[in-house]
Amino acid sequence: MARQVFDMIDVDESGYLDKDEIIDAVKANKKVINFLQTCGNQNLMYLLEPARLQQALAVLDTDRDGQIDASEWEDAIENALKAKLQARAAQRRAQEMMARQAAKELEEFTNEFKNAARHCFELIDVDKGGSLSKEEIVNAVHPKTGIEKVIKFLKTCGEENL
């Protein structure tokens with residue numbers, strides 16, 4: 001696509017882009033405009049801004065001959081691609097880090113919940129038999145004789161803020 005855009009701008013087929021060709025293309029050629037807007041290279045995007053055009057041309061014209069050849073154009077596109085890939089990789093790393101953090105928080109919450117549930121079970125299991133009888137459960141949750149920690153745990157599912 002980058003080479004096709006270069007060829008669209010190079011209307012005189014000289015193999016070089018001069019300032020006039022670029023100005024004409026960024027005024028009238030929608031494919032060129034769209035490509036420059038989405039290519040990811042700041043200097044190529046600046047070709048769309050009259051106030052920055054000269055500066056962008058100077059940066060793109062690495063051999064300083066006053067024209068942009070296909071090699072200079074493709075180098076700019078390659079740099080844009082590298083920058084996009086680096087940005088995506090950084091974004092992917094950030095997402096992976098967030099996912100690991102979320103998994104860690106979930107694991108911590110799960111462990112805390114299990115520990116609280118185990119403690120609740122131990123409070124209800126007054127005969128320490130390892131199982132809960134109907135009588136132990138009823139006594140633990142009874143409004144008058146119940147175990148406050150058990151009732152609170154059951155009402156909030158172990159989450160203090162509920």
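The values are calculated or read from the model by the stated rules, or taken from the named source; none is laboratory data. Quick caveat, the model's predicted, so the values are computed rather than measured. Neighbour counts are summed over all protein chains in view; Cβ atoms, including those assigned to glycine, are modelled from backbone coordinates with ideal geometry. The accessibility values were calculated without ligands, DNA or RNA, using every heavy atom of the protein model including side chains. Shrake-Rupley method; radii C 1.70, N 1.55, O 1.52, S 1.80 Å.
Worth a mention:
Conditions tested, residue by residue: (1) out of contact with any His (no Cβ under 9 Å at 6 or more places or on another chain); (2) touching a residue at least 12 places away in the same chain (Cβ under 8 Å); (3) open to solvent by less than 90 Å² (accessible area, probe 1.4 Å).
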position	(1), (2), (3)
D24	yes, yes, no
I33	yes, yes, yes
Q42	yes, no, no
A70	yes, yes, yes
D75	yes, yes, yes
R93	yes, no, no
E112	yes, yes, no
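- Criterion applied to F109, F121 was being in a helix (DSSP H, G or I) and within 27 Å of the chain's Cα centre (by Cα), and the one residue passing it is F109.
- Evaluating Q101 against the criteria (1) open to solvent by 90 Å² or more (accessible area, probe 1.4 Å); (2) on the phi < 0 side of the Ramachandran plot leaves one unmet condition, (1).
- A51 fulfils the conditions (1) open to solvent by 60 Å² or more (accessible area, probe 1.4 Å); (2) farther than 30 Å from A2 by Cβ except for a single criterion, (2).
- Taken over the stretch 38-56, the criterion of being hydrophobic (A, V, I, L, M, F, W, C), farther than 15 Å from E72 by Cβ and not in a loop (DSSP other than H, G, I, E, B) is satisfied by M45, L53.
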